[in-house]
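Here is the structure we will look at, set down as structure tokens.
The values are calculated or read from the model by the stated rules, or taken from the named source; none is laboratory data. Source: prediction; values computed, not measured. Cβ coordinates were reconstructed from backbone atoms using ideal geometry, including for glycine residues, and neighbour counts include every protein chain displayed.
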Amino acid sequence: MQAELPGDDDSRDKGDMTSRCIHYVGFRDDRYLTAYKIFGGPAFIHRVWDRRAAREIADEDLVIFANCPHDQPVKERNGDDIRE
């Protein structure tokens, strides 16, 4: 007889491949390294909290802000993600 592992349920939807992504918003200095040690590497890095960043967040995602409150308003204009 094989032991059943916790969470080993055949009734769940095997096609559901959603996973939580980590988004970093506004990181530009050593706070990035601190957040990386605590939460792991981000899947997405957003320079500013704008409409584009907000649109890319799923309900199950984790959003980490460098220095702003989590309920801050979204900026009216989209920012750039890369500066060269």
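For the range 29-40, name all the residues that are loosely packed, with under 10 Cβ neighbours inside 10 Å and within 20 Å of Ile57 (Cβ to Cβ). If the condition is that a residue be loosely packed, with under 10 Cβ neighbours inside 10 Å and within 20 Å of Ile57 (Cβ to Cβ), then Ile38 is the only one that fits.
Give me a count of the residues in the range 1-39 that are β-branched (Val, Ile, Thr) and modelled with pLDDT under 90. Within the range 1-39, residues that are β-branched (Val, Ile, Thr) and modelled with pLDDT under 90 number 1.
Any residue at all in the range 40-53 that's out of contact with any Pro (no Cβ under 7 Å at 6 or more places or on another chain), aliphatic (A, V, I, L, M) and at pLDDT below 80? No, the conditions are met nowhere in the range 40-53.
Return a yes/no flag: does the range 59-75 have any residue that is in contact (Cβ under 8 Å) with a residue 24 or more places away in the chain, under 13 Å from the mean Cα position of the chain (by Cα), within 23 Å of Ser19 (Cα to Cα) and surrounded by fewer than 11 Cβ atoms within 10 Å (Cβ to Cβ). Yes, there is a match, as at least one residue in the range 59-75 is in contact (Cβ under 8 Å) with a residue 24 or more places away in the chain, under 13 Å from the mean Cα position of the chain (by Cα), within 23 Å of Ser19 (Cα to Cα) and surrounded by fewer than 11 Cβ atoms within 10 Å (Cβ to Cβ).
Take the residues in the range 37-49 that are within 12 Å of the chain's Cα centre (by Cα) and of a type outside the set (Gly, Ala, Ser); name whichever of them is nearest to Gly79 (Cα to Cα). Full working, then the answer.
In the first step, residues of the range 37-49 are kept if they are within 12 Å of the chain's Cα centre (by Cα); the result is 39-46.
Next cut, of a type outside the set (Gly, Ala, Ser) only: 39, 42, 44-46.
On the way: Phe39: 24, Pro42: 19, Phe44: 15, Ile45: 12, His46: 9 Å.
Taking the candidates together, the pick is His46.
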